[in-house]
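Participant: I have a structure here, written as structure tokens, and I will follow up with some questions on it.
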Amino acid sequence: MTRSLVIAPQWIGDAVMTEPLLRRLHVRGETLTVGALPWVAPVYRAMPQVSAVLELPFAHGGLQWGARRNLARQLRGHFDAAYVCPNSLKSALLPWWAGIKKRVGYHGESRLLVLNQRLPNPPDGSRPPMVAFYSALSGETGIADDRPQLQLDAVKVDAALAGMRLQRQGYYVFAPGAEYGPAKRWPARHFAVLAEQLGLPVVLLGSAKESALCAEIARAVNTAQPGQCLDWSGRTSLDHALAAIAAAKAMVSNDSGLMHVAAAFGVPQVALFGSSSPLHTPPLSPQAHVIWLKNDPGYVPALDCAPCFKRECPLGHTRCLVDIAPDDVLRFL
């Protein structure tokens, strides 16, 4: 039995996209431990093929040489192989210092010495879809864009819902934020108008950075319909957020990490794209409806500027999202 350490990406959406890789490794008999930063570790606890999750004691940014060396010493002799998902040099140091014999990853940031099985970096502008990008680390050929799958224990979900005073299928989830920037965010006023039409409570999820955005939506909704909108942004753990998404009637979100979580749970969802492209990072689920005005032949004038992949709209109008009406989303819910 091969004991393998997987070094996880640091973003929630990317973590979800690694699930097909882990499934491949598990099927061929590898016992998997995932080394993940604390804010993505819950995603890996929702993957049954993962035997253990090692929460890495590293802060965001910085090399933290001492902490990495100390942990590497503790891991010596425990693993036969390592798969490094991020492309950074620091992410590959732990397996190298731990003396893991087989160390697999993309060439990345000058990792000639620290990795001994390196895949060539994809050419600029032609990176494959994220699932295929990560699954290629398995070394298998014929990699398909498999659909990521997450699974939570039903008893734990019900316990989490009871603590949050929710019932399965009795609420909607909105994830109105997007870490990358405002050019990926549907307007708060549109989220509020949509929430007022749904007839069930709406739970707002997001990080502490998105609290002001979520508070704006909640105020607008609850002024008209007191108690209709529950703002949990920055107030709940990712474990509880995953449980809330898994048991929701449906979810509405921008192109974000939580969008990929909903897809991996198979939750009905509407995903709103603006400055980014669903051709590269779509929600991989038959239950997902994508709205992107760029490929809507009935939308005029055509969005020649999309996708721009900018944090803020260079033209100042963000009509790729502003012009998606709440009714355009409502018809899919």
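The values are calculated or read from the model by the stated rules, or taken from the named source; none is laboratory data. A quick note: this is a predicted structure, and the numbers were derived from the prediction, not measured. Here the Cβ positions follow ideal geometry from the backbone for every residue, glycine too, while neighbour counts run over all protein chains shown. Quick note on the areas: whole protein, heavy atoms, side chains included, nothing else; ligands and nucleic acids left out. Shrake-Rupley method; radii C 1.70, N 1.55, O 1.52, S 1.80 Å.
Participant: Here is a list: 314, 278, 326. Which entry is at pLDDT below 95 and buried (at least 17 other Cβ atoms within 10 Å of the Cβ)?
Facilitator: Values: 314 fails: buried (at least 17 other Cβ atoms within 10 Å of the Cβ); 326 fails: at pLDDT below 95.
So the residue among 314, 278, 326 that is at pLDDT below 95 and buried (at least 17 other Cβ atoms within 10 Å of the Cβ) is 278.
Participant: Might you check whether a residue that is within 19 Å of residue 4 (Cα to Cα), part of a strand (DSSP E or B) and touching a residue at least 40 places away in the same chain (Cβ under 8 Å) occurs anywhere in the range 84-91? So that I can check it myself, show each step before the final result.
Facilitator: Within the range 84-91, the subset within 19 Å of residue 4 (Cα to Cα) is 84-87, 90-91.
Okay, now just the ones that are also part of a strand (DSSP E or B), so 84.
When the remaining residues are screened for being touching a residue at least 40 places away in the same chain (Cβ under 8 Å), the result is 84.
There is at least one residue in the range 84-91 that is within 19 Å of residue 4 (Cα to Cα), part of a strand (DSSP E or B) and touching a residue at least 40 places away in the same chain (Cβ under 8 Å).
Participant: Only one of these conditions is not met by residue 294: (1) in contact with a Cys (Cβ under 8 Å, 6 or more places away or on another chain); (2) surrounded by fewer than 18 Cβ atoms within 10 Å (Cβ to Cβ); (3) closer than 18 Å to residue 178 by Cβ. Which number is it?
Facilitator: Tallying (1) in contact with a Cys (Cβ under 8 Å, 6 or more places away or on another chain); (2) surrounded by fewer than 18 Cβ atoms within 10 Å (Cβ to Cβ); (3) closer than 18 Å to residue 178 by Cβ, residue 294 fails exactly one: (2).
Participant: Looking at residue 45 and the list (1) farther than 27 Å from residue 241 by Cβ; (2) surrounded by fewer than 21 Cβ atoms within 10 Å (Cβ to Cβ), which single condition is not satisfied?
Facilitator: Condition (1) is where residue 45 drops out.
Participant: Continuing with the same structure: Only residues that are within 14 Å of the chain's Cα centre (by Cα) and open to solvent by less than 10 Å² (accessible area, probe 1.4 Å): list them for the range 258-275, please.
Facilitator: 259, 261, 262, 263, 264, 271
Participant: So how many residues does the range 276-307 have that are within 17 Å of residue 125 (Cβ to Cβ) and in contact with a helix residue (DSSP H, G or I) (Cβ under 7 Å, 6 or more places away or on another chain)? Don't jump to the end; show me each part of the working.
Facilitator: First, the residues of the range 276-307 that are within 17 Å of residue 125 (Cβ to Cβ): 276-277, 279-281, 306-307.
Now narrow it down to the ones that are in contact with a helix residue (DSSP H, G or I) (Cβ under 7 Å, 6 or more places away or on another chain): 276, 281, 306-307.
Final tally of qualifying residues: 4.
Participant: Of 169, 197, which residue is of a type outside the set (D, E, K, R) and at positive phi? Give the derivation first.
Facilitator: Numbers: 197 fails: at positive phi.
Residue meeting the stated conditions: 169.
Participant: Going through 115, 32, 119, 37 one at a time, which residue ends up being free of Cβ contacts under 8 Å to residues at least 40 places away in the same chain and under 17 Å from residue 12 (Cα atoms)?
Facilitator: Working: 115 fails: under 17 Å from residue 12 (Cα atoms); 32 fails: under 17 Å from residue 12 (Cα atoms); 119 fails: under 17 Å from residue 12 (Cα atoms).
Only one candidate passes the filter, namely 37.
Participant: Another question, then. I'd like to check something: does the range 53-67 contain any residue that is at pLDDT 95 or above and in contact with a Phe, Trp or Tyr (Cβ under 9 Å, 6 or more places away or on another chain)?
Facilitator: Among the residues of the range 53-67, at least one is at pLDDT 95 or above and in contact with a Phe, Trp or Tyr (Cβ under 9 Å, 6 or more places away or on another chain), which makes the answer yes.
Participant: Considering only residues that are open to solvent by less than 20 Å² (accessible area, probe 1.4 Å) and on the phi < 0 side of the Ramachandran plot, which ones fall in the range 172-186? Full working, then the answer.
Facilitator: Just the residues of the range 172-186 that are open to solvent by less than 20 Å² (accessible area, probe 1.4 Å), to begin with: 172-178, 181, 183, 186.
Listed by number, the residues that qualify are 172, 173, 174, 175, 176, 177, 178, 183, 186.
Participant: Please go through the range 323-333 and give me each residue that is in a helix (DSSP H, G or I) and either without any contact (Cβ under 8 Å) to a residue 60 or more places away in the chain or acidic (Asp, Glu) (or both), ordered by number. Walk me through how you get there before you give the answer.
Facilitator: Start the filter on the range 323-333 by keeping residues that are in a helix (DSSP H, G or I), which leaves 326-330.
Hits for the range 323-333 are 327, 328.
Participant: Can you tell me which residue in the range 53-103 is nearest to residue 118 (Cα to Cα), limited to those that are in contact with a Gly (Cβ under 9 Å, 6 or more places away or on another chain), open to solvent by 20 Å² or more (accessible area, probe 1.4 Å) and among the small types (Gly, Ala, Ser)?
Facilitator: Among them, the one singled out is 88.
Participant: Among the residues of the range 211-229, which ones are in a loop (DSSP other than H, G, I, E, B) and open to solvent by 50 Å² or more (accessible area, probe 1.4 Å)?
Facilitator: To start, the set of residues in the range 211-229 that are in a loop (DSSP other than H, G, I, E, B) comprises 225-228.
Those that are in a loop (DSSP other than H, G, I, E, B) and open to solvent by 50 Å² or more (accessible area, probe 1.4 Å): 225, 226, 227.
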